[in-house]
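Colleague: Submitted below is the structure of interest, expressed as structure tokens.
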Amino acid sequence: MDKQDTTDFGYQQVRAEEKARKVAAVFHSVADRYDVMNDLMSLGVHRLWKRYTIELAGVRRGQRVLDLAGGTGDLAGRFARMVGPEGEVVLADINASMLRNGRERMLDKGLAGNLRFAQVNAECLPFPDNHFDLVTIAFGLRNVTDKAAALRSMYRVLKPGGRLLVLEFSRPVVPGLKPIYDLYSFTALPLMGKLVTGDAASYRYLAESIRMHPDQPTLKSMMEEAGFERTEFYNLSGGIVAVHRGYKF
């Protein structure tokens, strides 16, 4: 297998065209218990990470927002209320099972008028140039095969003055945290996955994919290479998670 034609799927090397299929299988498997597992894995702290991201977004009424890897709509639902009836939010995900769950959850909350749903690949977004005021991707970039292509695609669909926010697992920066976090990730996560979803392998992949994802300075550099300016990142929970923000000017 030619190294240039391969990419990481956790700690495995697979053909680049296979990664999307394998990631899809992971999320088809866990979609129905996704929210429960998020609460269990993070002890509910994922809600605080997302709230912080929403505060950084600075969304105003009438704006247009694209929430990639939107999952069950934690961010999109909040943005839909913030932009009001004159604004628009697109909840997008590459995975049909996750998108279906997100749509059902949003409709159950009575969110429909300014909220649209789209099954898309972040590497080749089917939206016009200079279209959105904000693009967000929460816990999704590490699953993208070609992250540089995805960042360029996000840059293209943003309006001048628009911003990108990437919320993602990252590298612990607090001394002594890494070994504790590794032990938790590779023992507790697969066990919880097995007990709650009947699928330990998907949560083993989660732990591995986090380690393969670019660290904070590397992702900042990748955003700059895609064209973003005034890029910065904020470490949360000791660097276990980070929010990266960049602007298009």
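Colleague: Measure off 7 Å from each Cα along the Cα-to-Cβ vector at ASP129 and SER221, then give the distance between these two points in nanometres to one decimal.
Modeller: Between ASP129 and SER221, the label points sit 2.9 nm apart.
Colleague: While we're here: How much FRET efficiency would the formula 1/(1 + (r/R0)^6) give for ARG230 and LYS159, where r is the Cβ-Cβ distance and R0 is 22 Å, rounded to 0.05?
Modeller: 0.90
Colleague: Positive end of the dipole of the chain, charges at C-beta (+1 Lys, Arg; -1 Asp, Glu), about the Cα centre: which of ASN235, ALA207, VAL23 has its Cα farthest in that direction?
Modeller: Toward the positive end, the furthest listed residue is ASN235.
Colleague: Which percent of Cα pairs goes in each bin when the distances of the stretch 138-203 are cut into 10 angstrom slices starting at zero?
Modeller: 17, 30, 30, 19, 4
Colleague: Ordering PHE169, PHE249, PHE186, PHE132 from largest to smallest accessible area (1.4 angstrom probe), what's the sequence?
Modeller: Heavy-atom accessible area, descending, gives PHE249, PHE186, PHE169, PHE132.
Colleague: Decide, for the stretch 121-172, between rounded, prolate and oblate: order the square roots of the alpha carbon gyration tensor eigenvalues as a ≥ b ≥ c, take rounded if a/c falls under 1.5, and otherwise choose prolate if a/b is larger than b/c, else oblate.
Modeller: Since a/c reaches 1.5 but b/c is at least a/b, the shape of the stretch 121-172 is classed as oblate.
Colleague: I'd like the orientation of helix 216-225 relative to the chain: the angle between its Cα long axis and the longest Cα principal axis, in ° from 0 to 90, rounded to 10.
Modeller: Taking Cα atoms only, the helix is inclined about 40 degrees.
Colleague: From the residues ALA150, THR136, SER170, which one has its Cα farthest along the dipole of the stretch 107-249 in the positive direction, the dipole being from +1 and -1 charges on Cβ of Lys/Arg and Asp/Glu about the Cα centre?
Modeller: Going by the charge dipole, the pick is THR136.
Colleague: Could you work out which residue, out of GLY110, GLY62, GLY44, moves most in a Gaussian network model of the chain, that is, has the largest mean-square fluctuation with Cα springs under 10 Å?
Modeller: Top of the fluctuation ranking is GLY110.
Colleague: Right, next: Under the definition of Cα pairs under 8 Å and six or more residues apart, what whole-number percent is the relative contact order of the chain?
Modeller: Relative contact order for the chain comes out at 20 percent.
Colleague: Work out how much length ASP182 to MET212 would gain on full extension: take 0.36 nm times their residue separation and subtract the Cα-Cα distance, in nm to one decimal.
Modeller: Extra length available between ASP182 and MET212 comes to 9.5 nm.
Colleague: Over the chain, give the accessible area per residue in Å² for a 1.4 Å probe, as an integer. Before the final figure, lay out each step's value.
Modeller: Values: 11140 Å² over 249 residues.
I get 45 Å² per residue for this part.
Colleague: Assign one of three labels to the chain, namely rounded, prolate or oblate, based on the Cα gyration tensor with a ≥ b ≥ c the square roots of its eigenvalues; rounded applies when a/c is under 1.5, prolate when it is not and a/b is larger than b/c, and oblate otherwise.
Modeller: rounded
Colleague: If you don't mind, another one. Could you tell me how many cubic angstrom of Cα convex hull volume the stretch 193-249 has per residue? Walk me through the numbers before you get to the answer.
Modeller: Values: hull volume 5.9 nm³, N = 57.
In the stretch 193-249, the Cα hull volume divided by residue count equals 104 Å³.
Colleague: To continue, here is another question. What does the C-alpha gyration tensor say about the overall shape of the stretch 47-95? Classify as rounded when a/c is under 1.5, otherwise prolate if a/b is larger than b/c, or oblate. Please report the intermediate quantities before stating the final value.
Modeller: On the way: a/c = 2.11, a/b = 1.15, b/c = 1.84.
In terms of gyration-tensor shape, oblate.
Colleague: Once amide H atoms are built 1.01 Å from N in the peptide plane, which residues 5 or more positions from VAL90, or in another chain, come under 5 Å H to H?
Modeller: Amide H neighbours of VAL90, under 5 Å, 5+ apart: VAL65, LEU66, ASP67, ARG116.
Colleague: If you don't mind, another one. Too long at a 19 Å Cα-Cα cut-off: which of LYS50/LYS178; LYS147/LYS220; LYS159/LYS248?
Modeller: Checking Cα-Cα distances, LYS50/LYS178 exceed 19 Å.
Colleague: Hey, what angle do you get for helix 74-83 against the long axis of the chain, alpha-carbon based, 0 to 90 degrees rounded to 10?
Modeller: In the chain, helix 74-83 runs at an angle near 10 degrees to the longest axis.
Colleague: Roughly how many nanometres apart are two label points built 7 Å out from the Cα toward the Cβ at ASP146 and ASP5?
Modeller: 1.6 nm
Colleague: Could I ask something else about it? Stretched out fully, how many nm does the piece from ARG47 to LEU191 gain, at 0.36 nm a residue minus the Cα gap? Display every interim value, and only then the final one.
Modeller: Values: separation 144, 0.36 × 144 = 51.84 nm, distance 2.22 nm.
Extending this stretch completely gives an extra 49.6 nm.
Colleague: Quick check: Cα centre of the stretch 37-65 to Cα centre of the stretch 191-205, how many Å?
Modeller: 24 Å
Colleague: Give me a comma-separated list of calculated 3J(HN,Hα) values for the stretch 63-71, in order, Karplus coefficients 6.51, -1.76, 1.60 applied at θ = phi - 60°, integers in Hz, x for any Gly or Pro.
Modeller: My calculation for the stretch 63-71 gives 7, 10, 10, 10, 9, 7, 6, x, x Hz in order.
Colleague: Same structure again: Roughly how many debye, to the nearest 20, is the charge dipole of the chain about its Cα centre, given +1 on each Lys and Arg Cβ, -1 on each Asp and Glu Cβ, and no other charges?
Modeller: I would put it at about 440 debye.
The values are calculated or read from the model by the stated rules, or taken from the named source; none is laboratory data. Predicted, not measured: the structure shown is a model, and the values here were computed from it. Here Cβ is always computed from backbone atoms with ideal geometry, including for glycine, and neighbour counts include all displayed protein chains. What goes into the accessible areas is simple: the full protein's heavy atoms, side chains included, and nothing from ligands, DNA or RNA. Shrake-Rupley method; radii C 1.70, N 1.55, O 1.52, S 1.80 Å.
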